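FYI, it's all coordinate maths here, none of it is from the lab. Quick caveat, the model's predicted, so the values are computed rather than measured. Here the Cβ is made from the backbone with ideal geometry for all residues, glycine too, and neighbour counts use every protein chain on show.
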Amino acid sequence: MPDLSVQVNGLKLPNPFVIASGPPGTNANVISKAFDEGWGGVVCKTVCLEADKIINVAPRYARMRAQNSKEVIGWENIELISDRSIEVWEDEFKRLKDAYPDRVLIASVMEEYGKDRWSEIIERCAACGVDGFELNFSCPHGLPERAMGAAMGQNPELLREVCAWVREATDLPFWAKMTPNITHITEPARASLESGADGIAAINTILSVMGVNLDTLRPEPTVEGYSLPGGYSGKAVRPIALRMVMELATMMFGESEAFLDRSISAIGGVESGEDAAQFILLGASTVQVCTGVMIHGYGHVKPMCDQLESFMDKHGFESIEEFRGHALKYFSTHAELVERQRDAREKKKQEREIGKDTQWEGDRFVEQSDMLVSNK
Ligand SMILES: Cc1cc2nc3c(=O)[nH]c(=O)nc-3n(C[C@H](O)[C@H](O)[C@H](O)COP(=O)(O)O)c2cc1C
């Protein structure tokens, strides 16, 4: 039977499925539920030192549904980080670690720019026994006026500084969580790793406007008739997350030896074991799930583990490490694809194959289209 357990940055997880920071890790009750249901680890909802400044609105979500099946395929939120005080969190971290000493509990933290603030929040959480940290450099919609979240994460030089403060404050592993709302995600990631981050978590949500209500003419999600761009998550963002994880893994594991001991925790639209397998094939050690839990519930980890196991069985993989990063070597440039195709065509000289647009035939159009599909 394949072994789903993962060892990463000194953390031991029974399986690679981790609750992502958000509503599914928002207090001790739900975190306990996640551990009871068998999640490999939990990243709590992001904690800060001054929770009284965090004021949420309702409603704060809007969903994208498939046209026919009505399945939820995308999710926008304008939710802020945790509005629960650091004192409450300290108490809950301690209680959770007493109750689940062997389970991985990661504190997600976010603060304003300032060494004292970052050192304080890291030291206070570490004193409660958490196993590691995720630095939220990526919350897209709230608190830009305080230069927190993505406002900080879009500036590699700030990350270089903040990660160095965190490294100084703790020996526990920490992951820097990246925003996808940037042209080159590798730049802030590289700065974080160079300052001692043990890993990169990616991606946070993608800035979005879910839609405009054609009756009221107001944007969604609407609060008292007004809105702002929010963070998009769920199935619909998965291809973008896969691309960004691929870029991160190429930078971290392909271009030099400097980051071979670091890790990637992949996030974005994971809802099945097959989704997880794809991120692992692109270099991730763990995969995080937020929206999937909001749609399917905590028990969903069981079918996801079964699906991942079936995938591993099918290919004869005994461990996660055995196939981690396997697909990275199949990325190339467009110019090289053209060259490969030219060589292959010359070899085959298949009469029926479509090499030039003049070969399309009206009577065989569907068959010819089908011949060009790679994932039949
Ligand atoms: C309602 C909601 C609240 C979230 N809150 C946080 C948060 O407090 N901190 C954080 O780092 N990410 C937060 N996220 C982002 C998720 O952790 C995750 O990066 C993103 O949703 C993509 O993963 P998914 O498609 O599995 O949801 C939130 C996401 C949602 C949907």
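Taking amide H positions as placed in the peptide plane 1.01 Å from N, state which residues far from Ile264 in sequence (5 or more) or on other chains have amide H under 5 Å from it.
HN-HN under 5 Å from Ile264: Ile200, Ser285, Thr286.
Quick one: what are the phi-derived ³J(HN,Hα) couplings along the stretch 199-215, Karplus 6.51/-1.76/1.60 with θ = phi - 60°, whole Hz, x for glycine and proline?
So the J values, rounded to whole Hz, are x, 10, 9, 7, 10, 7, 6, 9, 4, 7, 10, 4, x, 10, 5, 7, 8.
With angles folded into 0 to 90 degrees, how steeply does helix 334-348 sit against the dominant principal axis of the chain? Use alpha carbons for both and round to 10.
For helix 334-348, the angle is close to 30 degrees.
What distance in nm lies between label points placed 7 Å from Cα along the C-beta direction at Glu120 and Thr358?
7.5
Pull out the extension gain between Asp313 and Glu255, defined as 0.36 nm times the separation in residues minus the alpha carbon to alpha carbon distance; nm, one decimal.
Stretched fully, the Asp313-Glu255 segment lengthens by 17.8 nm.
Sequence neighbours fewer than 8 away in the same chain don't count; with that in mind, list the lysines whose C-alpha is under 21 Å from Lys94.
Answer for Lys94, where 21 Å is the Cα cut-off: Lys12, Lys33, Lys45, listed by chain and number.
Determine the gain in length on full extension of the stretch Lys329-Tyr113; use 0.36 nm per residue of separation and subtract their C-alpha separation, reporting nm with one decimal.
Using 0.36 nm per residue and subtracting the Cα-Cα distance, I get 73.9 nm.
Could you name the lysines in cross-link range of Lys348, using Cα to Cα under 21 Å and dropping any fewer than eight places away on the same chain?
The reachable lysines, counting only those whose Cα sits under 21 Å from Lys348, are Lys356, Lys376.
Hey, with R₀ at 22 Å, roughly what FRET efficiency would Ser85 and Ala147 work out to, going by the Cβ-Cβ distance, to 0.05?
E(calc), rounded to 0.05, equals 0.50.
Between Val338 and Asp3, take the C-beta separation as r, use R0 = 45 Å, and let me know the FRET efficiency to the nearest 0.05.
That pair, Val338 with Asp3, gives E of 0.65.
Among Ala151, Ala66, Ala20, which one shows the highest mean-square fluctuation when the chain is modelled as a Gaussian network with alpha-carbon springs under 10 Å?
Sorting by GNM fluctuation, first place goes to Ala66.
With everything on Cα atoms, drop me the angle between helix 238-249 and the longest principal axis of the chain, reported from 0 to 90° to the nearest 10.
Between the helix axis and the principal axis of the chain, the angle is about 80 degrees.
Quick check on the chain: helices-only [θ] at 222 nm, where DSSP H runs of length 4 and up contribute -39,500 (n - 2.57) each and the sum goes over total residues. Nearest 500, please.
Mean residue ellipticity, 222 nm, calculated: -10500 deg cm²/dmol.
Going by a ≥ b ≥ c, the root eigenvalues of the Cα gyration tensor, does the stretch 6-330 fall in the rounded group (a/c under 1.5), the prolate group (a/b larger than b/c) or the oblate group?
rounded
Near Lys97, which aspartates and glutamates are there with a Cα under 14 Å away, not counting those fewer than 8 places off in the same chain?
Asp36, Asp131
Could you give each residue of the stretch 122-133 its phi-based ³J(HN,Hα) in whole Hz, using Karplus coefficients 6.51, -1.76, 1.60 with θ = phi - 60°, and x for Gly or Pro?
Along the stretch 122-133, the couplings run 5, 5, 5, 5, 4, 5, 8, x, 4, 8, x, 10 Hz.
With point charges of +1 on the Cβ of Lys and Arg and -1 on the Cβ of Asp and Glu, referenced to the Cα centre of the stretch 214-311, which listed residue (Gly254, Gly268, Ala284) lies farthest in the positive direction of the dipole?
Gly268
With 10 angstrom as the radius, rank Val109, Val8 by how many other C-beta atoms surround their C-beta, starting from the fewest.
With the sparsest Cβ surroundings first, the list reads Val8, Val109.
Which ³J(HN,Hα) values in Hz, rounded to whole numbers, follow from the phi angles of the stretch 3-18 under the Karplus curve 6.51 cos²θ - 1.76 cosθ + 1.60, where θ = phi - 60° and Gly and Pro get x?
Along the stretch 3-18, the couplings run 9, 8, 5, 10, 10, 9, 6, x, 9, 10, 10, x, 7, x, 8, 10 Hz.
Could the peptides 78-89, 175-186 be put in order, highest first, of the mean number of other beta-carbon atoms found within 10 Å of their residues?
175-186, 78-89
Roughly what angle does helix 156-169 make with the longest principal axis of the chain, taking Cα atoms, 0 to 90 degrees, to the nearest 10?
That helix lies at roughly 50 degrees to the long axis.
Express in whole angstrom the spacing between the alpha-carbon centres of the stretch 1-25 and the stretch 68-145.
Rounded to whole Å, the Cα centres lie 17 Å apart.
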